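Just below is one structure, and these are the notes that go with it.
The numbers here are math on the coordinates, done by the rules we state, and not lab data. Predicted model only: the values in this text are computed from it and were never measured. Cβ sites come from the backbone with ideal geometry, for glycine too, and all protein chains shown count toward neighbours.
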Amino acid sequence: MLIQFNFKNYKSFRDEVSLDLSATKITEHESHVVEIANDKLLKVAAIYGANASGKSNVYDAFDYMTYYVAESFNFGGEEDSRRKKENEYVKVVPFLFDEKSRKEETTFEVFYVDNAENSGRTYQYGFALKEDEVVEEWLYSKAKTARNNYRTIFYRKKGEELEMNGFSKNHVENIKVSLNKETLIVSLGSRLKIPKLKKIRDWFLNNEILDFGDPAENFFRSRVLPEDFVDSKEVQLNVVKYFASFDEAIKGFNVEKLQQEEEKDTGKRYKIDALHQMTNSQKMAAIPLKSESSGTLKMFALYPSLKDVLDNGGTLFIDELNARLHPLLVRNIVLTFLSPEINTQNAQLIFTTHDIWQFSNELLRRDEIWLVNKNRDGVSELYSLVDFKDEEGNKVRRDEALSKKYLTGNYGAIPALKPMKMLTGRAVDGK
């Protein structure tokens, strides 16, 4: 489980921020809290903020960290110039509206308990990038019984001797010989099949990261089939049951393999129809899946990731979860992660949203609600509702009408609106 995600100097976030999934000592919804490795953790975090506030950049930061861990073994050396030319290499973007920050390093760090190990061991892993160079990287761990005593697995800093503990001499030499300035030790070590480094990379790959604010990703995701969907009637039936949790119209699927010439024309291997019950008949009507509503297609796109993280205990990070979904359907997804009976592997859901229906103390704890506000300098700030204080130093009470007070600006992180007089087609008062 993810305990904490920290980052600094990334896009609209100039200063260090922390998305902390440690449960605070508040008493509402105590069933939401999971005790693991001597930590009390939360399974859900909802992130709110105005348009252009930077809330999607929290998602982007986690996505970029995962991308760099997964891919950086390819960076550097003779192939790197080709990769950069073909836009396969994505350069980190610091806070650009400050002369000092745009020249400084960007840092990413996670604290987590690896559910797959089932040992209660906690890991602290992070790195710092400056332009296209790794200037620092670190990995520490502590046993469940070690309280706060972290042990150094490796530490790397530009200009200093590499420290690696508990590795064979051969592994250390291979790392030193093969390491490029753009490459992470965790990424390279996984490529070299070093077990203790591979399992760090695998933790990132076990998570799912979805951007439903991106039309291209929406299109792609809606055409990704669940594992074994083509050949397994059991999988198809499970998808039907999944759809029935919000709409019982789809009764089954027809899957048809396209002929080779059709594959060349369409770029697809299968034609998939959703089956609907005809009125006053036992017959089924076949409708191309792609012709279903955008909400149904989004739920189809969500299924593989939801199934995977719930089965394996990963973290699902979604930008714009509420896009094209009814608020009650969004709430049902949140409740799925909060349910101990369904979410037996302690999977986590972190999502950005504008859906005010979920901004409720009937659904979420105050430490499960996060807000992003952009100040006058264009700097985004991230804070939880439980930590927020008004100008008089008062904290948010558990019995407040949260959504109402949020919309009236009590907690910040809302747009500052002005009348759209410019739409009249003429200047108004010279402004």
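Values computed for the structure shown
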| item | result |
| --- | --- |
| Loop trypsin sites (Lys or Arg not before Pro), the range 140-200 (other Cβ atoms within 10 Å of the site Cβ: 16 or fewer; DSSP) | Lys144, Arg147, Lys158, Lys181, Lys193 |
| Gly252 long-range amide H proximity, modeled H, under 5 Å | Leu275 |
| Amide H within-cut-off set for Leu258, under 5 Å, with H built and near neighbours excluded | Tyr270, Lys271 |
| Cα gyration tensor, the chain - rounded (a/c under 1.5), prolate or oblate | rounded |
| Taking the range 141-221 and dividing mean pair separation by its residue count, relative contact order in percent (alpha carbons under 8 Å, at least six apart) | 12 |
| Full-stretch length increase - Ala70, Thr424 - with 0.36 nm per residue and alpha-carbon distance subtracted | 122.4 nm |
| For the chain: relative contact order, % (alpha-carbon pairs under 8 angstrom, 6 or more apart) | 19 |
| Neighbour-count ranking [beta-carbon atoms within 10 angstrom, fewest first] of Trp357, Trp138, Trp203 | Trp357, Trp138, Trp203 |
| Which of Phe317, Phe73, Phe388 has the fewest Cβ neighbours within 10 Å, and the rest in rising order | Phe388, Phe73, Phe317 |
| Backbone HN-Hα couplings from phi across the range 14-27 [Karplus 6.51/-1.76/1.60, Hz, Gly and Pro as x] | 7, 9, 5, 10, 9, 8, 10, 9, 6, 6, 7, 8, 5, 9 |
| Contact order relative to length of the range 218-299, as percent, for alpha carbon pairs under 8 angstrom and 6 or more apart | 22 |
| Residue-wise HN-Hα coupling along the range 229-244, computed from phi with Karplus coefficients 6.51, -1.76, 1.60 (Hz; x: Gly, Pro) | 4, 5, 9, 10, 5, 5, 5, 4, 5, 5, 5, 4, 4, 4, 4, 5 |
| Total formal charge among the other residues, if their Cβ is under 11 angstrom from that of Ala70, Lys/Arg +1 and Asp/Glu -1 | -1 |
| Those aspartates and glutamates that a straight Cα-Cα span of less than 18 Å connects to Lys251, excepting residues fewer than 8 apart in one chain | Asp231, Glu234, Asp273, Glu292 |
| Cross-link pairs Lys142/Lys196; Lys11/Lys199; Lys8/Lys130; Lys241/Lys271 - those with Cα-Cα distance over 19 Å | Lys11/Lys199; Lys241/Lys271 |
| Zone of Thr145's modelled label, taken as backbone nitrogen in the range 108-131 under 17 Å from a point 7 Å along Cα→Cβ | 118-122 |
| Nearest-0.05 FRET efficiency for Gln345 and Tyr270, computed from C-beta distance (R0 51 Å) | 0.95 |
| Amide proton proximity set for Val44, modelled H, under 5 Å, gap of 5+ | Leu349 |
| In sequence order, calculated HN-Hα J values of the range 383-399 (Karplus, 6.51, -1.76, 1.60; Hz; x Gly/Pro) | 8, 8, 5, 6, 8, 5, 10, 7, 4, 9, x, 8, 8, 6, 7, 5, 9 |
